[in-house]
Every structure is written in C-alpha cells, then in structure tokens.
Amino acid sequence: MNTGLSPAFAYLRQPTMVDFPGRLAAVVFVAGCNFRCGFCHNASLMGRPRPGLSWDKLEAAVRAFKKNWVTGVAITGGEPTQAPGLPDLVRFFKERGWAVKLDTNGTNPERLRDLAPLLDSVAMDVKASLDAYPELTGWRDPAPIRESLEIVRGMGEKGLLRTTILDPFHTDAMMHAIGRLIAGAAAYQMQAFVPRDDLPDPGFRTLARTTPERLAALQALMRPYAKTIMIRGG
C-alpha cells in the first residue's frame, strides 16, 4: 500500500449521481487552483495546495463507499492537474475497480494527455471566449486551453465541455465564440449560475441566478457546435 499522504484533500461523505453521470460515485477534492474565479463555489480550495488525506484513510473511505454500491469517483478541485501525485491517485482508484472522472480547467494539457488512457470521463470547463479569460479567471495564456480542448474533443463520448452561464457576461456573441472553440465536441453542457453568500467576489453574490429561459435559448443557439447540448440547473 502507498505510504504518506495522497493528493486528495477531502471527499463528500455521501455519494452522488450528479457529478459522474451514469454512476453512483464518490467526489474527491484536490486543493489548490491556478484560476481566481470570483464566482467559484469551491473557493475554499483555491490558493496553494494543502496536505492531503493519508492513503490508509482513503482506502478506508473506498471500502465504505463500496458497501453503498459506489462504482466510480469524480476527482475535482481546485485544479487537480496541479497536484504532482494525481497520477498515483487515479491509479489508486482504478486498481480498486472504480471508474474515474476528472474535472479540469484545461491549463495542464501535458498531464491531461498522459492520464487520458486511464480516465473514463473528463469534464473541462470552458469559462469564456479565450480573450475573456484574463478578466474572468486571471489566466492569460490561451495556448494550453486550446490544446486541452483538442484532447477532450478527441476523447469522444468520454469528454464533456461545460460552461457556467453568467448573465449578462455570456452574451450571444460570447457564446458563439465559445461555440467555435468547442466545435466538433461530443457533448457540451451549460449550467446555471447560482449566487451564494460565500463567493470570493462580492459582486457575484448578488448576481441573479441564470434563468431557465436563458438556458433554453442558449441550448438552441449552441446546437450547431456539438453533438449533444445539455443544460443543468434550469
């Protein structure tokens, strides 16, 4: 068995059917993120990476989850690809018979490409058009985002691209620009922004929730760009 600490900082006590579609899954968090999104719902995991759980504790969690019919795990963050030990974490779960889904912001295409053969699903956030990334996320280099998009598109049905819709930021023109980025993807998901009192940027705490009508309109607008267009939270 592995010794020392895993990259997994925490996990949800209850399994979910939302974070890994088609499976009852555990959700594991890796701390640390290289984005600074003011609307992040996992803001406590931003900043520097933190010590993770011991491998023994993670082993015990897996055994407990299996008793509740869990068959997969969604690794999220933060940004998991920043963690040097992520390949060990993925292999840990695969060796225990679980399917593995990875959530990523697309800033580490090298790590994503290396892990792709082991992954059963990848969900990559497409925050905005590339020229708007600095304003929304603080990230200024479009090259790795483009490269990661190519990798996820190349994964076919295993790849999901997704955007949290912020009104009035995500205009129709912005969405067409995103559409050109994702063109040819197997699946694209738009999800509602939900305001909360603990969001990093106070300006987002009072921003209106994305309406079902707006999501439905964008589903029609984005239909030419991906094989399947989904909405969540509408």
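At-a-glance table
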quantity	calculated
The chain: Cys lacking any partner C-beta under 4.7 angstrom	Cys33
Computed over the chain: relative contact order in percent, which uses C-alpha pairs under 8 Å that are six or more apart	17
Counting DSSP beta bridges with both ends in the chain, the antiparallel % (nearest 5)	15
Positive-end residue, the chain charge dipole about Cα centroid, Cβ charges, pick of Asn68, Pro49, Gly4	Asn68
Fully extended contour minus Cα-Cα distance, from Glu150 to Met17, at 0.36 nm per residue	45.2 nm
Long-range tail of P(r) for the chain (Cα pairs > 27 Å, %)	33
Whole-number D in µm²/s for region 106-203 (Stokes-Einstein; Kirkwood sum over Cα pairs; 10 °C, 1.306 mPa s)	111
Folded to 0 to 90 degrees: helix 212-222 orientation relative to the chain principal axis, Cα	80
Under 21 Å from Lys227, Cα to Cα: lysines that are on another chain or at least 8 residues apart	Lys101, Lys127, Lys158
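Bear in mind that the values in this text are calculations on the coordinates, not laboratory data. These numbers come from a predicted model, not from an experiment. No Cβ is skipped: glycine too gets one built from the backbone with ideal geometry, and neighbour counts run over all protein chains shown.
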